[in-house]
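Only one structure is covered here, and it is reproduced in the block below.
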Amino acid sequence: MFQHIFFSVIVLTLSVHGTVSCSAIASDQIPGKLPKTPVALVGGTIYPVSSAPIENGTLIFDQGKITDVGADIEIPEGVQVVKANKMHIYPSLFESYSQIGLVEVNAVRASNDHREAGEFNPNVLAQVSFNPDSELIPVTRSNGVLLNMSVPTGGLISGQAAVMQLDGWTFEEMTVKPRAAMIVSLPNEKETKELHEFLEVARRYQLAAESKTKLRHDLRLEAMLPVLAGQQPIIVRANKWQDINRAVSFSKNENIKLILFGGYDAPKCAELLKKHDIPVILSAIHRKPLYRHDAYDAAFTLPQQLQDLGIRFCISGYDRSSSYNVRNLPYHAATAVAFGLSQENALKAITLSPAEILGVDDRVGSLSVGKDATLFVSTGNPLETSSQVKQAWIGGRPVDLGDKQKTLHQKYQKKYEEE
């Protein structure tokens with residue numbers, strides 16, 4: 001009897017502890033709802049990105065989609081008007097490679113869900129592991145980063161990265177594109193050979209499926225079919241020119257689409273990348289030179305070099321922070337401006353360019369009619385640290401811009417007011 005009671009107490013204690021732990025890492029912000037009427041942002045300077053800025057412009061959206069944008073637009077009756085005088089309206093900033101939603105606290109293993117066991121996991125879907133209640137999400141979107149691609153890690157084929165919008169009750173609501181890219185590693189020749197052999201098995205599976213031969217269903221091989229059909233790109237991390245050349249050769253030999261991640265030596269491989277139209281996700285601007293003989297600003301000038309060489313690229317902040325400081329994305333782009341990149345292309349590198357590279361530019365990345373109303377209103381240029389995001393919408397739903405850091409600021413402000 002005593003043992004039974006003791007066991008019940010332990011179970012109850014663990015249950016309470018689990019509840020407290022979960023609530024401690026769950027954000028308090030409530031996801032927004034679609035407005036019942038159209039919304040018009042009036043009087044601000046609009047930066048569509050895909051076209052020139054519009055001073056004293058108007059942007060109207062309804063049911064989550066932009067319905068009109070420009071100057072001297074007549075506002076229909078029944079529209080909710082939001083005055084944006086002296087403010088600036090931008091499309092969402094887009095972090096093109098991160099672990100937001102998959103990693104909460106790096107040092108706490110139970111809060112990390114970005115890696116599966118084994119070398120070949122193409123069937124792994126990042127968005128299924130995505131935590132909508134992550135405390136990192138509100139902090140990230142407070143700085144205008146409302147879109148993100150969450151990426152799995154580990155093994156030779158880590159799984160499928162997903163483009164997510166950073167507001168919603170569930171991962172289903174937050175998913176923009178569930179299978180944006182397959183994450184692949186090419187660490188050495190031996191493992192590249194293993195990867196080639198796996199792809200050969202997948203091709204035989206593909207042929208059997210197309211011929212309607214009776215075969216045992218395999219989730220891993222099934223997941224490779226869009227890659228083999230050229231519908232889904234692979235992303236390979238490569239910084240040194242030797243690794244970039246190997247990744248390009250691998251993709252051409254296997255006849256699959258490639259996106260490079262890292263790209264430090266991309267200017268040295270410019271002709272190869274341009275010939276095959278291979279885009280680059282720069283893994284960070286705030287990083288050290290790769291070689292001892294490089295100039296201190298080698299990483300800072302990289303975007304400007306790619307711009308001049310005509311290589312498609314976008315900017316990530318992954319190598320500086322994979323999750324907790326994703327909010328600093330605009331400052332990576334700002335550093336690139338200080339070292340030669342144009343303001344227009346810097347903004348494009350964290351909005352429209354990642355959307356184009358990841359195949360979601362039909363929905364996000366710029367402010368034009370028909371696209372998602374995923375945007376924010378700021379006091380100034382988001383590349384400047386003094387600018388503050390005042391309002392934001394994701395898919396037309398208003399976003400609660402509160403976060404843990406603001407709450408703590410208010411808390412301790414009260415403390416010192418009383419002293």
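In table form, for the structure just shown:
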| quantity | calculated |
| --- | --- |
| Reference-scaled alpha-carbon Rg (2.2 N^0.38 Å with N residues) for the stretch 367-409 | 1.35 |
| At R0 = 22 Å, FRET efficiency that the Cβ-Cβ distance of S211 and E254 yields, to 0.05 | 0.55 |
| Rounded percent of accessible protein surface that carbon and sulfur make up, the chain, 1.4 Å probe | 52 |
| The chain, accessible area per residue, ligands and nucleic acids excluded (1.4 Å, Å²) | 49 |
| The stretch 135-280: radius of gyration over Cα atoms, expressed as a fraction of 2.2 N^0.38 Å | 1.18 |
| Gain on full stretching of the segment that runs from H196 to A110 - 0.36 nm per residue minus C-alpha separation | 27.6 nm |
| Label-point gap, in nm, between K288 and D72 - each point 7 angstrom along Cα→Cβ | 5.8 |
| Length-normalised contact order for the stretch 171-262 - Cα pairs under 8 Å, 6+ apart - percent | 32 |
| Ratio of the Cα radius of gyration of the stretch 221-279 to 2.2 N^0.38 Å, where N counts its residues | 1.11 |
| Listed residue pairs exceeding 32 Å between alpha carbons, taken from K348/K390; K257/K406; K33/K404; K274/K371; K177/K212; K83/K415 | K257/K406; K83/K415 |
| Translational diffusion of the stretch 309-419, µm² s⁻¹ [Kirkwood Rh, Cα pairs; Stokes-Einstein; 37 °C; 0.692 mPa s] | 204 |
| Length-normalised contact order for the stretch 72-211 - Cα pairs under 8 Å, 6+ apart - percent | 21 |
| Spherically averaged projected area of the stretch 212-312 from its Cα convex hull (nm²) | 8.0 |
| Relative contact order %, the stretch 19-112, counting alpha carbon pairs below 8 Å whose residues are six or more apart | 26 |
| Straight-distance crosslink candidates among aspartates and glutamates, where the alpha carbon sits under 18 Å from K252 and sequence neighbours closer than 8 are dropped | E189, E191, E194, E197, E200, D243, E271, D277 |
| Where the Cα pairs of the chain fall when distances are cut into 20 Å bins, in % | 25, 52, 21, 2 |
| Rounded to 5, percent antiparallel among DSSP beta bridges of the chain | 55 |
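The values are calculated or read from the model by the stated rules, or taken from the named source; none is laboratory data. For clarity, every value in this text was computed on a predicted model and none was experimentally measured. Cβ: placed from backbone, ideal geometry, glycine included. Neighbour counts: every protein chain shown. SASA here: full protein model, heavy atoms, side chains in, ligands and nucleic acids out. Shrake-Rupley method; radii C 1.70, N 1.55, O 1.52, S 1.80 Å.
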